[in-house]
Amino acid sequence: MAVDVGGTFTDVVAVRDGRIETVKVPTDLADSARGVLAGLAEIGIADAAVFNHASTAGLNAVLTRRLPKVALLCTAGHRDILDIGRNWRPAEAVSDPRWQRSFSDVARPLVPRYLRRGVDERLHPDGNVLRALDEAQARAQIRVLGRCRVEGVAIALLHGYVDAVHERRLRELVREELGDIPCAISGEVSPLAGEYPRTVTTVIDVMMRLIYGDYTARLGRGLAELGFGGRWHYADCAAMLAPVETAMARPSRIIFSGPAAGTTASAHFGALLGESRLICADVGGTSTDVSVVLEGRPVVDTQVELEHDLPVSTLSNAITSVGAGGGSIVSAGRAGEIRVGPESAGAAPGPACYDAGGTAPTMTDACLLIGILDATRFMGGRRTLSYARAEAAFAALDTPLDLSRRVQGAFDTGLANIAEGILDIVIGNGIDPRDFVLMCYGAAGPMLLPAVLPLVQARAAIVPPHPGLFSALGLLSADRVFMESRSRYVQLEPACAEMIDAIYRELEAAVRAQLGDDIGEAVLLRSFDARMVGQAYETPFIDAPDGPIDAAAVAAMVARFHDTYERRTGNRFDAVPVQAVTFRVRAAVAVARATFAGVPVRTAGSAEPRRSVTLSHLAGGPWQAGEYERAELLAGDVIPGPAIVREPLSTTYLPPAHRLTVGALGELVITAEPRA
Amino acid sequence: MSIVTTASPDLRALDEAAFAARYGADRFTCEVLANRGRYVAEHICTALLHRAFSPIITFSQDFVGAVIGAPEAGYPLTAVNKGNVIFLGSLATGVRTTIEEFGLDRLAPGDLVICNDPFRVGNHVNDMCFIRPVFHAGKVAGFVVIRAHQLDMGGTVPGGFSLLKANVFENGLVMSPQRLFHRGEPVREAMRTIIDNTRFGDLLLPDFHTIHACCALGERLLVESIGRYGTAAWHGAMRYTVDAAAAAMQDAIASLPDGTWTGEDFVDSDGRDAARAYRLQVTVRKQGRHLEVDLGGCSAQSPTALNATALDAQTAVALALKLVLDPHTPFTSGLYRDIDVVIPTGSIASAVPDAAVMFYFEVQSALVNAMLRALAAPLGSRAIGGAYGSTNLHTGAGTTADGTPWFSAAELEAQYGAWGATDSGDGNNHCGLAMLNMIMPAVEDIEPRVPARILDREYVADTAGPGRHRGGAGLAKQSVFLAPGDHYLVPLHFRTASGSGVAGGGDGRTGGAWWLHVDTGSARVEGALPPVDDFTAAEPVAGHLDGDTLAPDAAGEFAFFGRLPVWQREAGAVLRWRTNGGGGWGEAYTRDPQAVLRDVRDGYVSIAGAARDYGVCVVGDPDEDPEGIAVDETATARLREVGPPREHTPAPAATPDCVAGVHLERESVTGACPACGAQALARYPVLSEGGWYRVLKCQACLAAVERVADDAGPIALKSRLV
């Protein structure tokens, strides 16, 4: 059983006897635990062995600044790091004097300045003490926070990742002065160099303890009342599953879990199809999230950026978000050109065709006018779309183009924006898209993504079963993962073998301590992040040798670094010494995964369209397209484009000069027709 | 005689056929290709940022990436990344100059051409231009460019940030246009020339290879796009994106009333002469759709490294107009089309050989400020407050107790600071100057490399320019050095306020720089650190300071940072900075009392400052009980009724004595203007889109009768002899 709580909808997915059941319900914004429990009660959870949970509640709290009152204790003189960040502006604000940093004191700070208090202390970068901790001064600062009735305290001191001695003592002082309120120290939450990301991560961690702590308790009680006795996990930013106690010990890990699950769902479904190289695209109402699966595994970053320059250090499926989705607003630029996004009509008022007050045209309106969407069957028939409203919205645009060029321009521009996002991540990963298939999901994914195929040159586009709830299926496609990491700047030379050996043994012991009953099944994997001396950025996730680390193992680490660097960048600098930065150990334990029942192979006849629909406003059109019901398709069916395939919550658009083949698991495989 | 126009096409009015005829593709394709260029520029920069070895590139992001259009289109700058505008402004003309001198027909696929001469490509010698031709179907279809600050280019001091360099020979190595890579292979003699003449060659060399790889990536991506959409569409799209920017600026200029406005700002000193400041003066004239900015009155070029070239002046002038009139259109060289800059030769903003050009960005900062002051009147409530002024650069080098040499450049000064407020809100406390968009290196990145500890980096109460929207706050920054060293300090804007208030707002307070000393024996500091507002034991470096307290005071004595050419300091030296506050917007006595209360709670404004500067009476103890403070409504009403005290902000510093200005003589020409009939024609050089022109313009209505490209401009390069 899995539940993915989004900002608009909550997706509930259950796998019973190999069959997938899905429920999509509106998110209860007032009390999302209540909504989750209602959904679970409806579908029945008493007999479930596993309950996996993802939620955007934490992320939404940050984005809307509906945050608990958390204070920061930092090294005296450095409290304004949370106003400064890394100082730079986003591309759109390079020459904008009215730009304000989103998290700064003049805009919307995470922690107001008066709750950021400096403590007299200072470490050297090697962990030695420059100034001793002044406990009397620290207590006075903590008492001020007490008078302000803060709900939690984050402690992040300079060089606290090297030695957390002062941080630990401060935490004791907080306990003595303020009692047992949530309190985290940076040396434990995120022991990585770079005071700004570490400070943000520590602050977010405390906030997430407050947001998810109470929620988890309420959910736990509700689950018990529903008779659930299985294992309960949260999914993290890399869609790895963490037992609820592990997640609550470091909840910054779960802040951005929903989108990551889609990548993991793709990896799992791809593995079932024998596809290990995937470009994953999740088209929602506001944006398209793009990610990559390489050799069967999602590409992972070491940070996730919540807003421009607001990073949280945690392993995260690398996702690029483009402001183009079904609800993206179409507008006319000053040269008369058609623009799409980044503004979105959202769920309310929604696209103009919803006839719910929205007057701006959107991608959904374009698809309705083209004929891809059926006005009477949207969202399983729950909503009737207004063709007239959509047309009026396009007519109101201030551009010399005629209606057809407007609609076509909107559709093509939206596709081009999505294609740019896909290309962005393709280039970022240095991959050739011709070796990759494009996984199309999210409610609007099958409607838009197949037409992107010629722009991105992927080998094929695949629409999986349940495309609208596919991300939630990722929660039933993941491993339970335990991990520990530690930063230590070590130039990789034979003399440091012993030190590295000790670090790995210490990390492995810490992971084993978390494993509990899983210890028998788990395989421990080592990796490290490293760079060449002089570089500031690391090359992450280089495999490290197993067994004792001796001089030969260190030499192997150096060689693996240079090979990995050359593979990822094309440059090789053998003469430059290599410096390890972060050592990592992880243990993955398999959890029962979703299976897909598949569809029977067609033995007689062929797929027949229910009717023919006219597709207008498209290049080379109008086109007559066959309209098919997905539920009637059988494995082996081949459909020529243009065509439309309908299912209750999604519509797949098969462009002209493309063909669709139905696979054994019911997936729709779309490829360009070979050129005549 | 007839009128010569630079007017841009009305893109919106073009029907599809006319559009396609003009740009070789439909609007959609042009937009796609324009976006593609920007995205390529961003990608090559991300790759370089993550792979570079030089700290100034990888920690500070002191570089940009750009896409330049084809030679036959005039080398337009079509796409840039989110980097330093100072690098971007001079790129189009700089790349054209470099490639034409090198020889377009000598270029081969896989070449990387370099040039770092400020007189050819603007900026300073450290900012090397790396130019990769984009070959498609055997022809140069454009260029991928990275311009990146090299940690050292030789010259008298490590890193180059000394104001006292007197000429090009002391300034650093000049590389005239030449190849660094040829057909994908390194040109070893060029590399050796650089490495033999510079410090830190071990860092520069791998960066050259990485930059080459990044430019090659950019070329590959562009060639794929050209292949897909066709050559005609590619060239048309590049013209389109530049035209779109030109048209946007043209419309923005039209929003200004006709008139003539002047503005000025000052750079404190050239580092040698304490008595005289340098003036940056602009006269902005707008008539109909024409706009001209005359830099006449700018002080003569300096005998030190405080100089900029005309290309840098053009960047600053156009950027200032863009900030206030058209902030969101992507930056291209089309921005310059309707801005004629009249530049006298040999000013501090238009230096000629053999001047040392190093601190051009300080000149640009003052020039932007002069422009914003000139435009404040016509803009009214749209005017924006001034920023913190100077990057206050520091360079230090020395040897630690165990004999290890250390070096630090551009990371221990107060390089960033406050912005001015605007009609839409308070100013940021901490940003780069308008021309800069760099990353601030982390304390934890600096301290493992440099024997210094950054002790404070915190805003100071009552330094922001008061206003209905207040400016950003001044910053106090202190670092203690744990090893002896030689320090070069270049604070250039403490003599007068940089953060001008607008629309009734007050100026931000000026700051300064000081040395202090603490005992760092056994690498520990015992007891309290010097409080950032206690100056009693300080040695002044820069700023107008009170004679007794040595605290900043506009009426006080001016401390001259150049009285020592090098500040030699022992271990335990503490370098203290306080930056200027940003300018306020609107009458401070109309600021929402709750916003003032929040500022008091947050320590941006003191209780006394709230009463004096804002007419708001706050009661309580903001330090000990920040949530217990409140606005005394009755007392506030009384204060606001009386209005601000006459002397509620310190008197501004007097206008300093300045190095004499230079002017450009316009040659009078007999004849009537065909546009307005006035007998007021004159001929003179201007800098505009694509470089220098000799224009014949009516001085009454600014219409042009002649506009002839003048490649050479007024700068005579000695190497033309070759």
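All of the numbers you see were taken from the coordinates with simple rules; none came from a lab. Everything numeric here is computed off the predicted structure, so don't read it as measured data. Cβ: placed from backbone, ideal geometry, glycine included. Neighbour counts: every protein chain shown.
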Global size of chain A as Cα Rg and Dmax, reported in angstrom: 26.4, 85
Dipole-positive endmost among B:299, B:245, B:628 within chain B (Cβ charges, Cα centre): B:245
Principal axis box of region A:430-507, alpha-carbon based, largest edge first, Å: 58, 29, 16
Highest to lowest packing among A:93-104, A:174-185, scored as the average C-beta count within 10 Å: A:93-104, A:174-185
Rh (Kirkwood; distinct C-alpha pairs) - region A:285-377, Å: 15.3 Å
Amide hydrogen neighbours beyond the local backbone of residue B:180, cut-off 5 Å, H modeled: B:112, B:113, B:114
Partners for residue B:697 among aspartates and glutamates (Cα-Cα distance below 14 Å; same-chain residues under 8 apart left out): B:292, B:294, B:338, B:340, B:665, B:667, B:706
Chain B: DSSP helices with Cα axial extent of at least 30 Å and average Kyte-Doolittle hydropathy no lower than 0.0: B:201-229, B:231-254
Alpha carbon convex hull of region B:132-181, volume per residue in cubic angstrom: 101 Å³
Rg and Dmax [Cα atoms of region B:143-276; Å; Rg one decimal, Dmax integer]: 22.1, 62
q = 0.26, 0.27 Å⁻¹: log10 I(q)/I(0) that the Debye formula gives for region A:604-662, counting C-alpha atoms only: -1.12, -1.19
Shielding of B:440-451 by partner chains, average beta-carbon count, 10 Å: 5
Reciprocal mean inverse distance between Cα atoms of region B:405-516 - Kirkwood radius, Å: 15.4 Å
Ratio of the Cα radius of gyration of region A:252-305 to 2.2 N^0.38 Å, where N counts its residues: 1.15
Theoretical FRET efficiency, 1/(1+(r/R0)^6), r = Cβ-Cβ of residue B:717 and residue B:679, R0 41 Å, to 0.05: 0.60
Descending Cα extents along the principal axes, the protein assembly as shown, whole Å: 95, 81, 74
Share of alpha-carbon pairs per 10 Å distance bin for region B:673-722, given as whole %: 26, 39, 24, 8, 3
Region B:56-69 - phi-based ³J(HN,Hα) in whole Hz, Karplus 6.51/-1.76/1.60, Gly and Pro as x: 5, 7, 7, 8, 9, 6, 8, 6, 9, x, 8, 10, 10, x
Ordering of A:35-41, A:363-369, A:191-197 by packing [mean C-beta count within 10 Å, highest first]: A:363-369, A:191-197, A:35-41
Distance histogram for region B:203-307 (every C-alpha pair counted, 5 angstrom bins, percent rounded to whole numbers): 2, 9, 10, 9, 9, 9, 11, 14, 15, 9, 3, 1, 0
Magnitude of the charge dipole, region B:37-114, Cβ model with Lys/Arg +1 and Asp/Glu -1, debye to 20: 280 debye
Rg/Rh ratio calculated on Cα atoms of region A:264-423 (Kirkwood radius): 1.05
Descending principal axes extents, region A:570-632, alpha-carbon based, whole Å: 67, 40, 20
D_trans [Stokes-Einstein, Kirkwood Rh over alpha-carbon pairs] for region A:562-676, 25 °C, 0.890 mPa s, µm² s⁻¹: 133 µm²/s
Cβ-placed point charges (K, R +1; D, E -1), dipole of the protein assembly as shown about Cα centre in debye, nearest 20: 2100 debye
Calculated over region A:8-51: convex hull of Cα atoms, volume per residue (Å³): 65 Å³
Average projection area in nm² (convex hull over Cα atoms of region B:33-136, one quarter of hull surface): 6.6 nm²
Helix axis angle, A:135-147 relative to chain A longest principal axis, alpha carbon, degrees: 40 degrees
Largest-first ellipsoid semi-axes for region A:359-433, taking √(5λ) over the Cα gyration tensor eigenvalues, angstrom: 28, 18, 9
Candidate aspartates and glutamates - alpha carbon under 19 Å from residue B:718, same-chain residues fewer than 8 apart omitted: B:100, B:101, B:117, B:170, B:354, B:710
Kirkwood Rh, Cα atoms: Rg over Rh of region A:388-534: 1.19
Region A:319-329 - phi-based ³J(HN,Hα) in whole Hz, Karplus 6.51/-1.76/1.60, Gly and Pro as x: 10, 9, 10, 10, x, 9, x, x, x, 4, 7
Computed [θ] at 222 nm, deg cm²/dmol, chain B (DSSP H ≥ 4; -39,500 (n - 2.57); rounded to nearest 500): -8000 deg cm²/dmol
Helical contribution to [θ] at 222 nm, DSSP H n ≥ 4, -39,500 (n - 2.57), averaged over chain A, rounded to 500: -9500 deg cm²/dmol
Region B:599-688 - convex hull of the alpha-carbon atoms, volume per residue in Å³: 291 Å³
Debye-sum result for region A:23-173 in log10 I(q)/I(0), which assumes one identical scatterer on each alpha carbon, at q = 0.13, 0.21 Å⁻¹: -0.81, -1.24
Reciprocal of mean inverse Cα separation for chain B (Kirkwood radius, Å): 26.6 Å
Positive-end extreme of charge dipole, the protein assembly as shown - chosen from B:695, A:185, A:133 (charges on Cβ): B:695
Unit Cα scatterers, Debye sum, region B:96-139: log10 I(q)/I(0) for q = 0.23 Å⁻¹: -0.79
Cα lying deepest toward the dipole's positive end in region A:576-675, options A:662, A:619, A:582, charges on Cβ: A:582
